1. Pick from 16, 42, 55: which is most flexible by mean-square fluctuation in a GNM of the chain where alpha carbon atoms under 10 Å apart are linked?
2. In whole Hz, what ³J(HN,Hα) sequence does region 36-52 give by Karplus (6.51, -1.76, 1.60; θ = phi - 60°), x for Gly and Pro?
3. Once you list every other residue whose beta carbon is under 12 Å from the beta carbon of residue 66, what net charge do they have if Lys and Arg are +1 and Asp and Glu are -1?
4. With a cut-off of at most 11 other beta carbons within 10 Å, and DSSP calling the residue loop, which chymotrypsin sites (Phe, Trp or Tyr not before Pro) in region 1-93 qualify? Please list them.
5. Over all directions, average the projected area of the Cα convex hull of region 11-53 and note it in nm².
6. Tell me, what is the Rg over Rh of region 5-115, with Rh the Kirkwood radius over Cα pairs?
7. Which of 26, 47, 15 moves most in a GNM of the chain, Cα contacts under 10 Å?
8. How big is the dipole moment of the chain about its Cα centre under a simple scheme where the beta carbon of each Lys and Arg is +1, that of each Asp and Glu is -1, and everything else is neutral? Debye, nearest 20, please.
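The numbers here are math on the coordinates, done by the rules we state, and not lab data. What you see is a predicted model; the values in this text were computed from it and never measured. A quick note on method: Cβ atoms are made from the backbone with ideal geometry, for glycine too, and the neighbour counts reach across all protein chains shown.
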Amino acid sequence: QVQLVESGGGLVQPGGSLRLSCAASGSSIRFAAMGWYRQAPGKQREGVAGITRGGYINYADSVKGRATISRDNAKNTVYLQMNSLKPEDTAFYYCNKWPTPYEYWGPGTQVTVSS
């Protein structure tokens, strides 16, 4: 089965930017639609952005215009560029198959937006 490891999170001020990475191993993700999800404290996990193997992209309304998802199949990696970050973007961010995730999840990467 594929293993997913997210990185790139951190503490950032409102208005700042982060680039999240998701490295897959154990299996190629090149033929899978992949996406980013997030879970804020006390809230359910939600989909943020997804990209098909053909490059079709969709975004949640909450991040539209501020997020860019991309993938590098040669590196078996998916990225999420987040700009103009807001405190409400604070959450653990995960990558997984899109729109129906695998049952297993990576450790996630924490994003905290605070001044």
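1. Taking springs between Cα atoms under 10 Å, the residue moving most is 42.
2. Residue by residue, region 36-52 yields 10, 10, 9, 9, 8, x, x, 10, 6, 5, 9, x, 10, 7, x, 9, 7 Hz.
3. -1
4. Taking region 1-93 and a limit of 11 other Cβ atoms within 10 Å, the loop chymotrypsin sites (Phe, Trp or Tyr not before Pro) found are 31, 56.
5. Average projection, Cα convex hull of region 11-53: 4.5 nm².
6. Using only Cα positions, Rg/Rh for region 5-115 is 0.94.
7. Of 26, 47, 15, the Gaussian network model singles out 26 as fluctuating most.
8. 200
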